[in-house]
Structures are given as structure tokens and as C-alpha cells.
């Protein structure tokens, strides 16, 4: 799976096919029969072909849209429907839009002047293509869109009719919009961070706060993932602790509803699939295996969204989760010695996990961002608790405000000073930490091969030394382009 993720980073499907072959061969040699190995090989081949042809289709759409955009001499009039949950920023609205241009169906990223629209709304507007050269390589492809456009002011017109899923349009989007409105109404200018943690909407975050999270290397705390879904699940488990028979089903249904209300976020989908597998395993009295759930989630998501392989969020989410699974098994149990000893153990374990994740993600971070934060592990250990507290309290505030407006107002008055204090702390911390360390991008092949030898060699010192040598040689200029 890790090799397949590297193939996504390199955008190389040949490497992806080799990764699947190695997995099948390793499993076959372990305990599989010849027929099972043949069936698994066939499934891997079908997965590869499915992903390859799907990506080729999206690449053709991107090329076709670029050709049409280059031939334009003025704005392009388009009609279609809003295919994502619109996100509002200061003075503008961002959403995905499905339209037909020249007989070809395209999905476009649209930035429009502030306009009250919802998922599934049919629109007519005049747009100009935006320059995509500043975007990360594979960004459009990873989202399954053909291009990025900007709508001209005053040209957006609502049309009769709707598109998309009826359930999203009638249930999920109204809940999403209600949560956003209640949060903004309750917290005002301080709603940016709670909205980012609750719904993944970063449009109301100030530029200074976003830059501060990036400088500290803790932007992953803003990205909704298994960490956030895990604490939502924990709250649900506490609320339903008396419902022994139906507890798992209620928690799973609530998590699925939450993910659907938030919208399409790859890391949340991955976490939901893993949670489903783990809860199902517990329901049939089988020991849950995190690594197995992660691999199944990986395959399921590639079947549903093949273009996700090229998504930075997808790659970082799976690699980080893989690193956490590997390192958690090596951590010792909390030492007995009272409350503060347990707190210290938790803090130390968080730092160790953050360091391990940083090591595993290093080539990916350097590939896409050009540098790494030296204080990221420590900053993660310090900020993870306040972030989770703000997430849970904001969610409770929304629930209370939906039941009683007056009670919600009182609750938000308690949250607002804490959110403002957290913002100031983030900004102050970003001012005193060192700048990102700029490091050359290593050879992904040699780096991960060496890291695998170091980790899985157990007590064989020679193999560990060889792995360290491979990791070190990944930065040598002669090997810098050794990525098949």
C-alpha cells in the first residue's frame, strides 16, 4: 500500500502495477492457495486498469478544456448545476460546477462573487478560465475536475430545476448550511477556526491564522481526518454507553451522517471506512486489525475515486495513518504513578508519534511544500488537546443553539473568549518559532526502501545499517531522479 502511495506521488501507474504484483506475490508465498493468488492477482489487475482508464479519461477532459479555454476571446457562458457544498469566504463563494461544453461534460472549480446558492442549484453564468500554472502538479486531476474558472460579477443567475443527489440536496446540505449559519451567528468574526474544525470550511479563517498553522507545521489539525472523527466517535460512545445492543450501530450511523453532512473530504471517507470495518469486526467477535482496515479502505477508495491517488490529502492521510499504526504498537503502556505521570506519558507518546509521522511524510512534504517545520512534533503535542476541546465544544454549541436560541447564545458566549485566545496563542507561537527548514527532495524509491529495511529488520544490525545507508544515499545527486 505504501508503494502504491509512492506511485501516486510520482504519478506513475507502472510503479503502481509493480506494487500490486509484489503484494500478491508476498501473500501467495505466505499462506494462499494458487487459486486464491490467481483471483487476487486478477482483482489487482482490474483495479489497476480501472484506475488507469479513469485517470486517462480525466486527463483528456483537462486537455480538452485547456484547448477550448485557449481558443476563447471573451467570457464563456455556461449552464449547469452545483455539484459540491458551496464554501463561503470573505466576499466570494467557491464550489464545483458540472456543465457541458462542446458536447463534453466538465466539472469545474468556480470562484464567484458572494452569492447565496446551495448544492444542486442550477445556474447560468459567464466565466473566465483561471491560470492553473500556480497549482500543485496533479491538483485538478486529484479532484476530478477539468479546470478552474472565475465567475464575472453580476452574471450568476439561478435557473429552475436541480441536479445531484436528492438526499444531499434535501437533507445533508440543509444541515450543513444550518450548522454554518448557527456557528457564524453565535461566534461572529471568531467563527473561522470552529467552522474549519466542524465542517472543514476554511474560507472564514483569516490569512494570518492559516499562515500561523502552516509555520508551526500543524495544518493537519485543521484537515478533518481520523483524529477528528475519532473524537466525535468518543463523544457518541459516551452518550450511548447504556445502549449496549444498539451502541455500535448508532455510533456508525451517526458517523456516516456526520461525514455526509460535512461533504466530500477524502481523509474523512478513509476514517469512516476504517471505523465501519473495526465496528463490524467487533460485532462479529473478531479482533479488529487497524492495518487490515487501512488497506481495505485504500482499495475501496481507489475503486470509488481513482483520481484520489494523486491527491496530496489522500497520500498524506494514508501515509500518516500507516505511520501511526506502526509506531503505536511499539509504545509502552502508561507507567503507574498518578495523574501527572499519565499526562506525561500521553504528551511523550504524542511527540513520538508526531516525530514518526514526520519521518514517514518527509519526502512527500518536501515534494509538495519544499520544506518542513522543525517544531511540528512539539507543536502537535501542545495544540492537539485545545483543538479537540474547541471541536467538541463548538459541536455542542451548535446542537444547543438548534434546540434553544437563548441557551445557544449563552453557550457561545463561553466559547468565544476561548476561541479568540486560541487564535492569539497560535499567532504568537508562529512569531517565535524558526522558519521552515528547506531541504532538497530525496529519491522516494531509495528513501522508503531504506526506511522499510530499518523498520522491518528487527534485530538484524547489518540490514538496519544498509537501510540507513539507503536513506542517506537518497539525497545524493546521482540518485535524485531514481524514481521509476
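In this calculation the C-beta distance from residue 175 to residue 35 is compared with R0 = 51 Å, giving a FRET efficiency of 0.60. Set the Förster distance to 56 Å, then compute FRET efficiency between residue 162 and residue 214 from the Cβ-Cβ distance, nearest 0.05. Calculated transfer efficiency: 0.90.
Simple spin-label estimate for residue 468 and residue 207 gives 4.6 nm between the two label positions (7 Å along the Cα-to-Cβ direction from each Cα). Per residue, the average separation of C-alpha pairs within less than 8 Å and at least 6 apart gives segment 121-252 a relative contact order of 16 percent.
If R0 is 25 Å, what FRET efficiency do you get for residue 247 and residue 281 from their C-beta distance, rounded to 0.05? The pair residue 247/residue 281 has a calculated efficiency of 0.95. In segment 111-202, the inverse of the mean reciprocal separation of distinct Cα atoms equals 15.7 Å; this is its Kirkwood hydrodynamic radius. Separation of segment 149-203 from segment 343-374 is 33 Å, based on Cα centroids.
On full extension of the chain, what length is gained from residue 460 through residue 368, given 0.36 nm per residue of separation minus the C-alpha to C-alpha distance? Gain in length upon complete extension: 29.7 nm. The length gained on full extension between residue 418 and residue 347, counted as 0.36 nm times the residue separation minus their Cα-Cα distance, comes to 23.4 nm. Our estimate of slack between residue 105 and residue 72, defined as 0.36 nm per intervening residue step minus the Cα-Cα distance, is 10.1 nm.
Legend: translational diffusion of segment 76-164 by Stokes-Einstein, Rh = Kirkwood radius over C-alpha pairs, 25 °C, 0.890 mPa s; D = 187 µm²/s.
From most to least packed by mean Cβ count within 10 Å, the peptides 341-349, 258-266 give 258-266, 341-349.
Readers should treat all values here as calculations from the given coordinates under stated rules, not as data from a laboratory. No experiment lies behind these values; they were computed from the predicted model shown. With ideal geometry, Cβ positions are generated from the backbone for all residues, glycine too; neighbour counts draw on all protein chains shown.
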